[in-house]
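Engineer: My questions will all concern the structure given below.
The values are calculated or read from the model by the stated rules, or taken from the named source; none is laboratory data. Note that the structure is a prediction, hence the values are computed from the model and not measured. Counting neighbours? That spans all protein chains shown, and the Cβs are built from the backbone with ideal geometry, glycine included. The accessibility values were calculated without ligands, DNA or RNA, using every heavy atom of the protein model including side chains. Shrake-Rupley method; radii C 1.70, N 1.55, O 1.52, S 1.80 Å.
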There are 2 protein chains.
Amino acid sequence: MHDPKIRLEKMIDNLKRHGYKITPQRLAILRILAYSLGHPSVEEIYQQIRIDFPTISIATVYKNISTMKTLGEVLELGFGNDSSRYDGHTPYPHPHVICTKCKKIVDSQLENFQDFTQKVIQETGFSIVNHRIDFFGLCPDCQRQNS
Amino acid sequence: MHDPKIRLEKMIDNLKRHGYKITPQRLAILRILAYSLGHPSVEEIYQQIRIDFPTISIATVYKNISTMKTLGEVLELGFGNDSSRYDGHTPYPHPHVICTKCKKIVDSQLENFQDFTQKVIQETGFSIVNHRIDFFGLCPDCQRQNS
DNA sequence: TATTAGAAGAGAATGATTATTATTTAATAA
DNA sequence: TTATTAAATAATAATCATTCTCTTCTAATA
Ligand SMILES: [Mn+2]
Ligand SMILES: [Mn+2]
Ligand SMILES: [Zn+2]
Ligand SMILES: [Zn+2]
């Protein structure tokens, strides 16, 4: 689940299995989703693809990401006002670390959330199916610039 | 920090200390923020206050909540598309449990996030100053309705 | 009671996202 | 290879929460 090439093939398979067509624009979007580690925004994906497809519409990017979301092949990180960021490399819930200055988003590998989830279920009676764990602060680069 | 009456007084003190005036509209907003446990949205606060102040503008609600945010007296829970929800009762970061069906938001009392924060700092080199922990699922009421 | 900085009210503007619709094209089979 | 067709794309309008702008009003102070 961590080799971009395999991620891309899995995405394509999943699309074909559900009867979706593989268009060049779609493929370009998939590639960015599968390969990028930086949690790009729709706008960033759009600008990237415009290099090869100058006539692509940003609505096409939105629609394709929406499709991949419904197939469980991309994780959306929505924020209050700012635009959403996407992870097609690791499309299941995992903690993120977010620089409040440069907006960099980094994955965390910490995985002990089963315990927490269990405690939350006991505490509240909810049935938990998903979670979102974000830590906010300054990345090493931005810390350096501040001092 | 958990008696609504004391919360309200603390909010008023903080505003006065910073030279803000205490208007009837502002007071009404503060009261809702301090007393409600349900994480109301701006729209909900607006509709509630319209009972007593039929001419209030929703912009006034937005502006006052923004002021209370800068004073650290209210915690904003932003979501991707849906409108933000606010906690003036417990205005520091704490985990939330969210029903994806009825949009109910419940506080969790779990508090062992120092360990996690420390691990994240070691793992990423970020300086962490904030976090956001959400669990998503179905509340007991909505579970019952499903079966 | 008069003064005045700040607050409220009204409505326009913004910006991300979604919806609409006409045009184009990938996939399939003749 | 070509024709067919359902789905995808491109362009643009619409939506909706939130912010901004500006005018009027008022809480606090003396
Ligand atoms: Mn990620
Ligand atoms: Mn809360
Ligand atoms: Zn940074
Ligand atoms: Zn519910």
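Engineer: Mind checking the mean number of beta-carbon atoms from other chains within 10 Å of the Cβ atoms in B:115-125? Working shown, then result.
Structural biologist: On the way: counts 2, 8, 2, 0, 5, 10, 3, 0, 7, 10, 8.
The per-residue average across the peptide is 5.
Engineer: Note the distances from B:LYS10 to each other copy's matching label point, with points 7 Å along the Cα-to-beta-carbon direction, in nm, sorted shortest first.
Structural biologist: Spacings between copies for this position, smallest first, are 4.5 nm.
Engineer: Another question, if that's okay. On a 0 to 90° scale, report how tilted helix A:113-124 is relative to the longest principal axis of chain A, with both axes built from alpha carbons and the result rounded to the nearest 10.
Structural biologist: Helix A:113-124 sits at roughly 70 degrees to that axis.
Engineer: Taking the Cα-to-Cβ direction at B:GLN47 and at B:ASP3 and moving 7 Å from each Cα, how far apart do the two end points lie in nm?
Structural biologist: A separation of 3.3 nm, rounded to one decimal place.
Engineer: Turning to a different aspect of this structure: Compute the FRET efficiency between B:TYR35 and B:ASP13 as 1/(1 + (r/R0)^6), taking r as their Cβ-Cβ distance and R0 = 25 Å, and round to the nearest 0.05. Could the numbers behind the result be given before it?
Structural biologist: Values: r = 17 Å, r/R0 = 0.68.
Computed FRET efficiency for B:TYR35 and B:ASP13: 0.90.
Engineer: Using helices alone, I'd like the mean residue ellipticity at 222 nm for the protein assembly as shown: each DSSP H run of four-plus residues gives -39500 (n - 2.57), total over residue count, nearest 500.
Structural biologist: Values: 12 runs with 134 residues, N = 294.
Only helices count here, giving -14000 deg cm²/dmol.
Engineer: How much of the accessible area of the protein assembly as shown, probe 1.4 Å, is carbon plus sulfur, in whole percent? Before the final figure, lay out each step's value.
Structural biologist: On the way: 8130 of 15680 Å².
Result for the protein assembly as shown: 52 percent of the exposed heavy-atom area is carbon or sulfur.
Engineer: Which chain B residue puts its Cβ closest to the axis that rotates B onto A, and at what distance in whole Å?
Structural biologist: Measuring from each Cβ to the axis, the minimum is at B:ILE133, 3.
Engineer: Between copies, how far apart are the B:GLN109 label points? List them in nm, one decimal, shortest first, with each point 7 Å from Cα toward Cβ, please?
Structural biologist: List, nearest first: 3.6 nm.
Engineer: With the crude spin-label approximation of a point 7 Å out along Cα→Cβ, what separation in nm comes out for B:THR23 versus B:ILE58?
Structural biologist: Output for this residue pair reads 1.8 nm.
Engineer: Work out the mean other chain Cβ neighbour count within 10 Å for the residues of A:135-142 and drop it here as an integer.
Structural biologist: Details: counts 13, 8, 11, 5, 4, 4, 1, 2.
Across the residues of A:135-142, the mean count of other-chain Cβ atoms within 10 Å is 6.
Engineer: If you take every DSSP beta bridge fully contained in segment B:26-147, what fraction is antiparallel? Give it as a percent rounded to 5.
Structural biologist: On the way: 7 of 11 bridges.
Given both bridge residues lie in segment B:26-147, the antiparallel proportion sits at roughly 65 percent.
Engineer: Relative contact order of segment B:1-127: what whole-number percent is it, with Cα pairs under 8 angstrom and at least 6 residues apart?
Structural biologist: Working: 136 pairs, mean separation 28.9, N = 127.
With pairs under 8 Å counted, the relative contact order is 23 percent.
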